Amino acid sequence: MITQYGWSDALARDFKPHARAGYVPGRVVVQRRDGYLVTADRGELRAKLSGRLRHEAREIGHPAVGDWVAMSVNAAERTATIHALLPRRTAFIRRAADSLQTPQVIAANVDLAFIVTSMNGDLNPRRIERYLAAAWQSGARPVVVLTKSDLCADTGPQTAEIEALAAGCPVVSISARQGVGLDALLAHLAPGETCVLIGSSGVGKSTLVNVLLGEQRMATASVREGDDKGRHTTSHRELVLLPGGGLIVDTPGVREIGLVDAEDGVSVVFDDIEQLTQTCKFSDCAHANEPGCAVRAALDDGTLDPDRWAHFQKLGLELAAMEQKAERLARDAERRRQGGLQKGYRATKKDVRGGADR
Ligand code: GDP
Ligand code: ZN
């Protein structure tokens, strides 16, 4: 059962100490303020964090959709307690201003990021660069998906443009409406691997998810279920098995991934430019009027596209600005923390609960 969800020999090795402690493995399929839904060999279980893990989570962050966890199970009640989080292979992280100390993981262990953009006129190379960077940074492999090919007489030029930009990562064009290109798209996803669709609103992500899930969509639709306080909350699966054997993480958080907050991803996408800047005569070259500037030379002889250079710079500046903001917020948080410690601050129940979905 959990093999379908991507359980592997490597995970089994990581899990050994937990197995010795009598725990069972599971993968988080839903993360909610009031708890988790975890899939395990005995089916889906409603789970909560152990007190100790909840305490640790204030430092290391909470388990997220896609995470593998170690649980003790109450078989009679079909509930579980999560005691440990297994090491993540990949993670999509959002650094919201207020959760800077513990970056919020919005999806873990994603193998493949489909970067979705549409053919009909609003092809935005800059945005694709950012999504590519977000994917690289998470550790997932990016595949660019050009949707709505049925609206485009000749998909060649756009595909070529994206291929140039995507620096070696695969590009597939599809029409969800006509069912064209879906096999080629799914060929990138091995059984047990997990994918996400990221991209701007309106490019056709929901339509594609529905097509990929086919009949299964019904089973994933929201169901109402009571939580243990008798309140009613809406719940649904955010990690879903695809009929073909892969899995998809489909959450609003993942879809909204926008600007990347790390330079890593950007430099992979702009690898060629990065290398170029290192061949400038001066190591602190500002690439303005310095003698021996490799960037200027490449711009002059046409080997570097001025657009790409401009966007590399723009992205760099934005990242620097974000870093400054992040540092300021971190300082503020540290000051608050120290102030709190002086007042003999103790976590209130509300704080613990409020942090449960971070
Ligand atoms: P999302 O915001 O990315 O989830 O985009 P949607 O899936 O909601 O699609 C936005 C619009 O594009 C809808 O009107 C869809 O019917 C349309 N659309 C999606 N896929 C295709 C396609 O393959 N061909 C055409 N012609 N339209 C599509
Ligand atoms: Zn230079």
Requested in this report: Starting from the Cα of residue 153, move 7 Å in the Cα-to-Cβ direction to define the label point; list residues of segment 115-141 whose amide nitrogen is under 14 Å from there.
Outcome: none
Report summary line: Residues whose modelled amide H sits under 5 Å from the amide H of residue 84, counting only those 5 or more places away in sequence or on another chain, are 70
Report task. Step through the residues of segment 45-58 one at a time and calculate ³J(HN,Hα) from phi using the Karplus curve (6.51 cos²θ - 1.76 cosθ + 1.60, θ = phi - 60°), rounding each to whole Hz and writing x for Gly and Pro. Result -> 10, 7, 9, 10, 6, 5, x, 5, 5, 4, 5, 4, 4, 4
Report summary line: Taking R0 as 35 Å and r as the Cβ-Cβ distance between residue 282 and residue 3, the FRET efficiency 1/(1 + (r/R0)^6), rounded to the nearest 0.05, comes to 0.05
Query raised in the report: So what's segment 1-79 giving for Cα Rg divided by 2.2 N^0.38 Å, two decimals?
Result: 1.05
Report summary line: antiparallel share of DSSP beta bridges within segment 47-166, to nearest 5, in %, is 50 percent
Report summary line: Applied in sequence order to segment 239-251, the curve 6.51 cos²θ - 1.76 cosθ + 1.60 (Karplus, θ = phi - 60°) yields integer Hz couplings, x standing for Gly and Pro, of 10, 10, 6, 8, x, x, x, x, 10, 10, 9, 10, 10
Query - Pairwise FRET efficiency - residue 207 versus residue 20, Cβ, R0 = 45 Å, nearest 0.05 - result: 0.45
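All of the numbers you see were taken from the coordinates with simple rules; none came from a lab. Note that this is a predicted model, so its numbers are computed, not measured. A quick note on method: Cβ atoms are made from the backbone with ideal geometry, for glycine too, and the neighbour counts reach across all protein chains shown.
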